[in-house]
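Okay, structure first, notes after.
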Amino acid sequence: MVRVIFMEVKPGKDALLTSAIKRMREARAKSDRIREGFFYSSVNSGSRGIYMLVLPQKNWGDMAQAGYRTRAILNEVYGHSESQLIMSRFFEAIEKPTSSVIYVYRPDLSYIPAK
């Protein structure tokens, strides 16, 4: 199961979003915890940047914990005030999650050709 969140970046806020994402990645590396998600930048002809956060999930219940774990790691590595600053920069840079989709592999609905 994979959850994909699409985020539209506010005009002129790409650098702010990128710096917040880098700080999140650095915190995860310093904490020796496994990577939970992947950020991608979409290249399109729109007027604003689109970023995608791809989160592999074990099950439906795992979704509720994703944002909490990131904040907990930021608090652990940088402390509460710096953690809040990073998260506020992140949310300041995005309009809103424009959409979210969940992809689930269903073997009963999938055709895999014989080799």
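What follows is calculated from the coordinates using simple rules that are stated; it is not laboratory data. Note that this is a predicted model, so its numbers are computed, not measured. Quick reminder, even Gly has a Cβ in these numbers, built from the backbone with ideal geometry, and neighbours come from all protein chains shown.
How many residues does segment 1-55 hold that are outside any strand (DSSP E or B), of a type outside the set (D, E, K, R) and free of Cβ contacts under 8 Å to residues at least 12 places away in the same chain?
Keep residues of segment 1-55 that are outside any strand (DSSP E or B), which gives 1, 10-37, 43-49.
Now restrict to residues that are of a type outside the set (D, E, K, R): 1, 11-12, 15-21, 24, 27, 29, 31, 34, 37, 43-47, 49.
So of that shortlist, the ones also free of Cβ contacts under 8 Å to residues at least 12 places away in the same chain come out as 12, 15, 18, 29, 34, 43-46.
Of the residues in segment 1-55, 9 are outside any strand (DSSP E or B), of a type outside the set (D, E, K, R) and free of Cβ contacts under 8 Å to residues at least 12 places away in the same chain.
Give the residue that is nearest to TRP60 (Cα to Cα), with candidates limited to residues of segment 84-115 that are among the polar types (S, T, N, Q) and in contact (Cβ under 8 Å) with a residue 12 or more places away in the chain.
SER100
Is it the case, given these coordinates, that ARG71 is within 15 Å of the chain's Cα centre (by Cα), surrounded by 15 or more Cβ atoms within 10 Å (Cβ to Cβ) and not in a loop (DSSP other than H, G, I, E, B)?
Working: within 15 Å of the chain's Cα centre (by Cα): yes; surrounded by 15 or more Cβ atoms within 10 Å (Cβ to Cβ): yes; not in a loop (DSSP other than H, G, I, E, B): yes.
When the stated conditions are applied, ARG71 passes them.
Just one of ARG33, ARG3 is in contact with a strand residue (DSSP E or B) (Cβ under 9 Å, 6 or more places away or on another chain), within 28 Å of TYR105 (Cα to Cα), of a type in the set (Lys, Arg) and surrounded by 12 or more Cβ atoms within 10 Å (Cβ to Cβ); which is it?
Only one candidate passes the filter, namely ARG3.
Mind telling me which of the residues SER110, SER100 ends up being small (Gly, Ala, Ser) and either under 26 Å from LYS10 (Cα atoms) or touching a Cys at 6+ places or on another chain (Cβ under 8 Å) (or both)?
So the residue among SER110, SER100 that is small (Gly, Ala, Ser) and either under 26 Å from LYS10 (Cα atoms) or touching a Cys at 6+ places or on another chain (Cβ under 8 Å) (or both) is SER100.
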